[in-house]
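The values are calculated or read from the model by the stated rules, or taken from the named source; none is laboratory data. The structure displayed is predicted, hence computed values, not measured ones. Because the Cβ atoms are built from the backbone with ideal geometry, glycine has one as well, and the counts that use them run over all protein chains shown. All accessible areas refer to the heavy atoms of the entire protein, side chains included, with ligands and DNA or RNA removed. Shrake-Rupley method; radii C 1.70, N 1.55, O 1.52, S 1.80 Å.
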Amino acid sequence: INHVMHNGGLYKRPFNEAFEETPMLVAVLTYVGYGVLTLFGYLRDFMRQWKIEKCQNATEREEQKDFVPLYQDFENFYNRNLYMRIRDSWNRPICSVPGAKVDMMERVSYDYNWTFTYTGRVIKDIINMGSYNYLGFAQNAGTCQEAAAKVLSQYGAGVCSTRQEMGNLDKHEELEKLVARFLGVESAMAYGMGFATNSMNIPALVGKGCLILSDELNHASLVLGARLSGATIRIFKHNNMQSLEKLLKDAIVHGQPRTRRPWKKILILVEGIYSMEGSIVRLPEVIALKKKYKSYLYLDEAHSIGALGPSGRGVVEYFGLSPEDVDVMMGTFTKSFGAAGGYIGGKKELIDYLRTYSHSAVYATSLSPPVVEQIITSMKCIMGEDGTTVGKARVQQLAENTRYFRRRLKEMGFIIYGNEDSPVVPLMLYMPAKIGAFGREMLKRNIGVVVVGFPATPIIESRARFCLSAAHTREMLDTALKEINEVGDLLQLKYSRHRLVPLLDRPFDETTYEETED
């Protein structure tokens, strides 16, 4: 069933990753479901226009009807008529630490999710299957909390300046040296926001006359950074090495459009773990192609740092590769470290260049001191420099939880996407009505889950996304699995026929990649 990939010795360990095809009947019914919702949406818009139904959405004032419209009706059609039906599945307010269990404020809607009213009741001890708390460092007690509280009393909460002016603390210097040591690179730089680490640094690395080769499922921050850079962007199929190699060959043979000059730089953008698919990048093959065609590699380890590898050092360690083979190592502190911000690691020349030319470095306020201390303390715990084996035990516990949870879901008959070692576990729902139903039914059973639909996923690939944590006990997982099994039977979600289509064998259509030029 699973696709095991060794590929001529590039892989030092089995690489089990597969995606089961969508059953034809399910795909047809999903399209029919969206079609019915769309028809009813047009009917309700007609009724709103003629004042038969009360119009709740933002509209132009009567005296401005001849102006250029501020709100494009069709642009908001999906939000108004589809998303609004299941809006209660998102933005649920929690009022506790986002650990293995959370407390949630109860809310109700009396106008079909246009507005919410809080009842004043708190739903206690919901098992949290949605937060990116991979190693369980989101906690309000313990060494990390104590260290952060101590730094808060000494330095305060904010820095009120950029790193280049009055905001460069000794704590920031300590953090960057620690990150460089953790990653095994020459130097590193920390930023206050994970999203901006990508979107503001890629434009500093490439520009007009450069080529970016980006995975089709890359995060929005990578997409935004690529677009802001002004470089030409070409998309390769997700984790498809034949697609990537074809683009590299074409780029070298043909050069830039019209002039046929060689590209100034070719930069490959990939992620360690893809947060919607649960897949792991085929890094050994990407590095082999990078070396073969003399290009650069930018690796986003937002979800993989701390969550993969024997000692939590990410996807590079997971595959037993050298950090020197990755030109730009990016990651965030928001997930495995229970903090905020991001980092970039690499050669000293690269980091020195970014300190001068990166918008995030020059214009953004420095990281908050208590946040910095949270990162330092949690990172030292993972490295074992706190004198304990707690960090190593958490990494091992996460790996065990991941394999156990994935195996049990597959045995129940659900379609599960991604790699067997990925703590991001997508469970396919497909039909639009089942998105809201799954989230509500799980909440009734005191399980907090994240459900995802269009436009975050393809229109027929709606899913629930579980994120495993080292803080989850076996008892919690068994409770969650029991309830998921019940809801799966109730909503008829067990679509699996055990016909898995490995990504490597998916057909590649040469017309599917896009090209954007400035």
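Within segment 41-68, the set of residues being outside any loop (DSSP other than H, G, I, E, B) and in contact (Cβ under 8 Å) with a residue 40 or more places away in the chain comprises GLY41 only.
All of VAL328, VAL372, VAL362 fail the test of being under 23 Å from VAL286 (Cα atoms) and of a type in the set (Val, Ile, Thr), apart from VAL328. For segment 329-349, a residue qualifies if it is out of contact with any helix residue (DSSP H, G or I) (no Cβ under 7 Å at 6 or more places or on another chain) and touching a residue at least 12 places away in the same chain (Cβ under 8 Å), and the qualifying residues are GLY331, LYS335, SER336, GLY346, LYS347, LYS348.
In summary, PRO14 fulfils each of the numbered conditions (1) out of contact with any Asp or Glu (no Cβ under 7 Å at 6 or more places or on another chain); (2) surrounded by 14 or more Cβ atoms within 10 Å (Cβ to Cβ); (3) at pLDDT 85 or above; (4) not assigned by the TED database to the domain that holds LEU493 with the single exception of condition (2).
The C-beta contact set for segment 220-248 (first residue assigned by the TED database to the domain that holds ALA288, second residue of a type in the set (Gly, Ala, Ser) and in a helix (DSSP H, G or I), distance under 7 angstrom, 6+ apart or interchain) comprises SER221/SER199; LEU224/SER199; GLY225/SER199; LEU228/SER199; ILE233/ALA226; PHE236/SER243; LYS237/SER243.
Here PRO370, PRO426 are screened, and the one residue that is of a type outside the set (A, V, I, L, M), touching a Lys or Arg at 6+ places or on another chain (Cβ under 6 Å) and either touching a residue at least 24 places away in the same chain (Cβ under 8 Å) or part of a helix (DSSP H, G or I) (or both) is PRO426. In summary, GLY391 fulfils each of the numbered conditions (1) closer than 30 Å to SER153 by Cβ; (2) part of a helix (DSSP H, G or I); (3) open to solvent by 10 Å² or more (accessible area, probe 1.4 Å) with the single exception of condition (3). Identify, from the list GLU174, GLU186, GLU216, the residue that is in contact (Cβ under 8 Å) with a residue 60 or more places away in the chain, in the same structural domain as THR334 (by the TED database), among the acidic types (Asp, Glu) and closer than 22 Å to ILE280 by Cα. Residue meeting the stated conditions: GLU216. Of the residues that make up segment 267-287, is at least one open to solvent by 20 Å² or more (accessible area, probe 1.4 Å), over 26 Å from PHE333 (Cβ atoms), in contact (Cβ under 8 Å) with a residue 12 or more places away in the chain and not basic (Lys, Arg)? The answer is no; no qualifying residue exists.
Inspect segment 285-292 for any residue being touching a helix residue (DSSP H, G or I) at 6+ places or on another chain (Cβ under 6 Å) and closer than 19 Å to GLU176 by Cα and give the result as yes or no. Let's see the steps before the verdict.
We begin by selecting, within segment 285-292, every residue touching a helix residue (DSSP H, G or I) at 6+ places or on another chain (Cβ under 6 Å); these are 285, 287, 289.
Those still in the list that are closer than 19 Å to GLU176 by Cα too: none.
Scanning segment 285-292 turns up no residue that is touching a helix residue (DSSP H, G or I) at 6+ places or on another chain (Cβ under 6 Å) and closer than 19 Å to GLU176 by Cα.
Kindly list the number of the only condition in (1) open to solvent by less than 50 Å² (accessible area, probe 1.4 Å); (2) part of a loop (DSSP other than H, G, I, E, B) that fails for LEU409. Just one mismatch for LEU409, condition (2).
Contact map, segment 80-108: residues that are under 20 Å from ARG445 (Cβ atoms) and aliphatic (A, V, I, L, M) paired with residues that are assigned to a helix (DSSP H, G or I) and open to solvent by less than 30 Å² (accessible area, probe 1.4 Å), Cβ distance under 8 Å, separation 6+ or inter-chain. Pairs shown: ILE86/PRO432; ILE86/ILE435; ILE86/GLY436; ILE86/GLY439. List pairs: first in segment 197-209 and closer than 16 Å to THR365 by Cα, second open to solvent by less than 10 Å² (accessible area, probe 1.4 Å) and at pLDDT below 95, Cβ under 7 Å, 6+ apart or cross-chain? Hits for this filter: MET200/SER358; ASN201/SER358. When segment 29-68 is filtered for residues that are farther than 30 Å from GLN492 by Cβ and either surrounded by 11 or more Cβ atoms within 10 Å (Cβ to Cβ) or at pLDDT 95 or above (or both), the ones remaining, listed by number, are ASP45, PHE46, MET47, ARG48, GLN49, GLU53, CYS55, GLN56, ASN57, THR59, GLU60, GLN64.
Note on segment 137-150: among residues that are open to solvent by 10 Å² or more (accessible area, probe 1.4 Å) and either modelled with pLDDT of 95 or more or not in a loop (DSSP other than H, G, I, E, B) (or both), the one that is nearest to ILE94 (Cα to Cα) is GLN145. Going through (1) assigned by the TED database to the domain that holds LEU267; (2) open to solvent by 20 Å² or more (accessible area, probe 1.4 Å) one by one, GLN396 falls short only on (1).
Somewhere in segment 477-488, is a residue within 27 Å of LYS124 (Cα to Cα), in a loop (DSSP other than H, G, I, E, B) and open to solvent by less than 10 Å² (accessible area, probe 1.4 Å)? No, segment 477-488 contains no residue that is within 27 Å of LYS124 (Cα to Cα), in a loop (DSSP other than H, G, I, E, B) and open to solvent by less than 10 Å² (accessible area, probe 1.4 Å).
Selection over segment 308-321 of residues that are open to solvent by 10 Å² or more (accessible area, probe 1.4 Å), in contact (Cβ under 8 Å) with a residue 60 or more places away in the chain and on the phi < 0 side of the Ramachandran plot gives a count of 4.
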